[in-house]
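This report concerns only the one structure given below.
The values are calculated or read from the model by the stated rules, or taken from the named source; none is laboratory data. Since we're looking at a predicted model, the values are computed, not measured. For neighbour counting, all protein chains shown are included, and Cβ atoms are generated from backbone atoms with ideal geometry for every residue, glycine included.
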Amino acid sequence: MNNTEPISCSPSASRLVEGMRDTGYTFISAVADITDNSVSADASVISISLEETRRNQLLFMLADNGTGMTNEELINAMRYGSDERPEAASLGKFGLGLKTASTAFCKKLTVISRKNGQINAKQLDLDDIKKTNKILLYTPSLSDYQDQIDYLDDVSGGDRGTIIIWENIDRLIKTETASSRKTHLKRKIKDLEEHLSGVFYNFLEKDNNYPDVTINVNTKALQPWDPFCRWLQQNGNTERLDIHPQNSITPLNEQNQQLGEIKVNVYILPNKSEMSDEELARARYSLDNQGFHIFREGRMIYSGGWPNNILVKDQHLNLMRVELNFDHRLDDYFRIDIKKSNVDFPDDLKDTLKKMLVPARREAEKRYRRDGQKGKNNGAVSHDKSNNVLKRHHDESTAGSNVISADPATGIADIQNKFGSAKVRLLIEEDSSRLIITKDSLEDGVLWSFGLVNGNKHAVFLNENHDFYKKFYHANKNSPAVILAMDEFLWSLAEAELSVFSEAAKKNLEELRISVSRSLRYLSAALPEISSPENGDDEQDDNNE
């Protein structure tokens, strides 16, 4: 037993608040987090504004027509670690989101709220906290925020609601030039629209059991994005979308008591060739959106991918999307973090899900390969000549780097080159012996990417949906010598990257590949058709290999 008098060990307010700015929020996850508060306050309209003021300062506002807050409730909401909400099912969870999400990007946070005809305002200023080393709440003059109050009234009708205001935004856009700022601002807004349309899909969608919410971003009303493309079943068409309902999973605690219920459904999309361009855009068909889309209390907290490496992202799984739903009772089971943007599958659940997904995975792969076979039968580009040549010259053309080890489950390989050893993330296909492999898409939309195949042989993966590939390769699919020349060029680029790869150069090499791929995408529009050489030329080239 400790008989000494306890000593107060309060943290430094300045360092605590500054440290809380670095909890890992992205802009889109931060806005989604504070939007949770509006949904929890029974708002039916949420309006978001992000713009540059006349003084070239960024201003962010989020207003809603929710229940609003009294002065006491507002003070509590502005406190780091506010009181626990009475409703356990609330989208808000830790009492930190409003402050940490906001101050991750701004240094002055102001909240104005109206309830029961009374308007209240409170403000946190990080510069003041740094100066005084105290977390002090101020009551700003309402006359200084009349424009923002008018914005709130337009949203709420004037009798209730809350507006959140970010000023002194120092961590959103770093670029200096005005034109660059506008470009980055447009991109931030577009990313936000896409993110919120998925995160709050169940609330934006009108035909379900969740409250109806309208979300506007810079006056644009968001449309719900259904990651499972259930709209494909409209008009009684039930054949295009293959649905695999699964039995519910009921985790138990150590006392063998049920903790909650996990509901899982698997959806297999149609082949890409069977969807129109409009449908592909609506489905957001890409490698990034395959896999799990996880919802807590109807709010999406994870979108696209395979948590805990249940599976590895692969083109053959592009048609497979998994819906997983749970409620607040399983928050601890899934280890939900402050940002509500990540989950951790316990080992027992991971094993259960792996077994559960096997039949649907086989069907998705089968459907994907069926589409690939159609492409081959329709005169696809052949890289057979390139594969034969590169196999003969593999060892000498890859002398600049050596693969020490590779893990297909994670896609991580240890390589050695003249600059030392490094870990690199790359594509791995264990069951292939081809050194030139075409893919439906590649990460970041690049034209090429290095990788490994059976036996840790080097390979180059090509994005057959890149505009340059479609224009150049298909225009010359009857000219093996031209195809070989381009394949060897892209192979050499990939090998050059591996031969100089290091942790220090990693980002620059990725940006180089993205930049070159982007330029080729633009320039391919003017790329001329290349006439195929005579068959005799090809035969002569074959004999000279």
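General observations
- On the stretch given as segment 263-278, residues that are touching a residue at least 24 places away in the same chain (Cβ under 8 Å) and either within 14 Å of Pro227 (Cβ to Cβ) or surrounded by 15 or more Cβ atoms within 10 Å (Cβ to Cβ) (or both) total 10.
- Elements of type strands (runs of 3 or more DSSP E) contained in segment 198-281, each with 2 or more residues being more than 30 Å from Ile48 (Cα to Cα): 242-245, 263-268
- Picking from residues in segment 314-332 that are closer than 16 Å to Lys350 by Cα and in contact with a Gly (Cβ under 7 Å, 6 or more places away or on another chain), the one that is surrounded by the fewest Cβ atoms within 10 Å (Cβ to Cβ) is Leu330.
- Checking each residue in segment 405-422 for being under 23 Å from the mean Cα position of the chain (by Cα), farther than 11 Å from Asn456 by Cβ and not β-branched (Val, Ile, Thr) picks out Ala409, Gly411.
- Asp407, sole failed condition from (1) touching a residue at least 40 places away in the same chain (Cβ under 8 Å); (2) closer than 27 Å to Leu311 by Cα; (3) of a type outside the set (Ser, Thr, Tyr): (1)
- Subset of segment 25-65 [more than 23 Å from Arg181 (Cα to Cα) and in a loop (DSSP other than H, G, I, E, B)]: Ala41, Asp42, Ala43, Ser44, Asn65
- Among residues of segment 195-215, those that are touching a residue at least 40 places away in the same chain (Cβ under 8 Å) and either surrounded by 15 or more Cβ atoms within 10 Å (Cβ to Cβ) or in contact with a Lys or Arg (Cβ under 6 Å, 6 or more places away or on another chain) (or both), counted: 13
- Taken over segment 51-69, the criterion of being over 28 Å from the mean Cα position of the chain (by Cα) and at pLDDT 95 or above is satisfied by Asn65, Gly66, Thr67, Gly68, Met69.
- When Asp487, Asp444 are checked against the criterion of being at pLDDT 90 or above and part of a helix (DSSP H, G or I), a single residue qualifies: Asp487.
- Lys182 passes every criterion in (1) exposed (fewer than 14 other Cβ atoms within 10 Å of the Cβ); (2) touching a Pro at 6+ places or on another chain (Cβ under 9 Å) apart from (2).
- Scanning segment 216-229 for any residue that is surrounded by 14 or more Cβ atoms within 10 Å (Cβ to Cβ), touching a Ser or Thr at 6+ places or on another chain (Cβ under 6 Å), hydrophobic (A, V, I, L, M, F, W, C) and within 30 Å of Ser12 (Cα to Cα) turns up nothing.
- All positions within segment 377-410 that are out of contact with any Asp or Glu (no Cβ under 7 Å at 6 or more places or on another chain) and assigned to a helix (DSSP H, G or I): Asn377, Asp384, Lys385, Asn387, Asn388, Leu390, Lys391, Arg392, His394, Asp395, Glu396
- Breaking point among (1) surrounded by fewer than 14 Cβ atoms within 10 Å (Cβ to Cβ); (2) modelled with pLDDT of 90 or more; (3) closer than 22 Å to Ile173 by Cβ; (4) among the small types (Gly, Ala, Ser), for Gly19: (3)
- Which listed residue is touching a Gly at 6+ places or on another chain (Cβ under 6 Å), small (Gly, Ala, Ser) and either under 19 Å from Thr26 (Cβ atoms) or crowded, with 16+ Cβ neighbours inside 10 Å (or both), from Gly298, Gly291: Gly291
- Candidates in segment 490-532 are the residues that are more than 26 Å from Asn402 (Cβ to Cβ) and outside any helix (DSSP H, G or I); of these, the one that is modelled with the highest pLDDT is Leu527.
- Candidates Phe450, Phe472, Phe468, filtered to the one that is in a helix (DSSP H, G or I), aromatic (Phe, Trp, Tyr) and under 30 Å from the mean Cα position of the chain (by Cα): Phe468
- Count of segment 130-174 residues which are part of a loop (DSSP other than H, G, I, E, B) and out of contact with any Ser or Thr (no Cβ under 8 Å at 6 or more places or on another chain): 14
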